[in-house]
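Quick notes on the structure that follows.
The values are calculated or read from the model by the stated rules, or taken from the named source; none is laboratory data. For clarity, every value in this text was computed on a predicted model and none was experimentally measured. Reconstructed Cβ throughout: ideal geometry from the backbone, glycine too, with neighbour counts over all protein chains shown.
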Amino acid sequence: MVNSIKTTIRWLITKEDGAKRYTTRRFEIQPGGKIGVHDHPEEHHIYILEGKGIIIDDKGNEIEGENGDVLYVPPNEPHGYRNDGPTPFTFLCVIPYL
């Protein structure tokens, strides 16, 4: 699912920090990297910090997101991310604990 050579995930705020309901992660997808289409029961709140990326679903739909854009991914919604650009695609992702 995650191309670990071109994608890094840094856990910024977790239960170990005292967060009781949500965790915050920072993703960086290098040029040519991707996170394949997947789904799970948690909703996502995405805030793009830098670069441009393609958000994809299981039906072949694609939308481009860039610096400053926000995205809500509902629970169980198939989704993935791809970086076709020349610079890193970096975003924050907030998800609830289940």
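Please verify whether Val2 is of a type outside the set (D, E, K, R), under 12 Å from the mean Cα position of the chain (by Cα) and modelled with pLDDT under 95, treating the condition exactly as stated.
For Val2, the condition - of a type outside the set (D, E, K, R), under 12 Å from the mean Cα position of the chain (by Cα) and modelled with pLDDT under 95 - is met.
Scanning for something free of Cβ contacts under 8 Å to residues at least 12 places away in the same chain and acidic (Asp, Glu), does region 37-49 turn up at least one residue?
no
Take the residues in region 20-30 that are polar (S, T, N, Q) and part of a strand (DSSP E or B); name whichever of them is nearest to Leu98 (Cα to Cα).
Among them, the one singled out is Thr23.
Does region 31-66 hold any residues that are outside any strand (DSSP E or B), touching a Gly at 6+ places or on another chain (Cβ under 7 Å) and either at pLDDT below 95 or loosely packed, with under 13 Cβ neighbours inside 10 Å (or both), and which are they?
Listed by number, the list is empty, since nothing qualifies.
Out of (1) more than 15 Å from His79 (Cα to Cα); (2) surrounded by fewer than 16 Cβ atoms within 10 Å (Cβ to Cβ), the odd one out for Glu28 is which?
Answer for Glu28: the failing condition is (2).
Checking the structure you have, find out if any residue of region 83-96 is under 17 Å from Ile5 (Cβ atoms) and outside any loop (DSSP other than H, G, I, E, B).
Taking every residue of region 83-96 in turn, at least one turns out to be under 17 Å from Ile5 (Cβ atoms) and outside any loop (DSSP other than H, G, I, E, B).
Check Thr87 against each of (1) exposed (fewer than 14 other Cβ atoms within 10 Å of the Cβ); (2) under 13 Å from the mean Cα position of the chain (by Cα); (3) among the β-branched types (Val, Ile, Thr) and name the one condition it does not meet.
(2)
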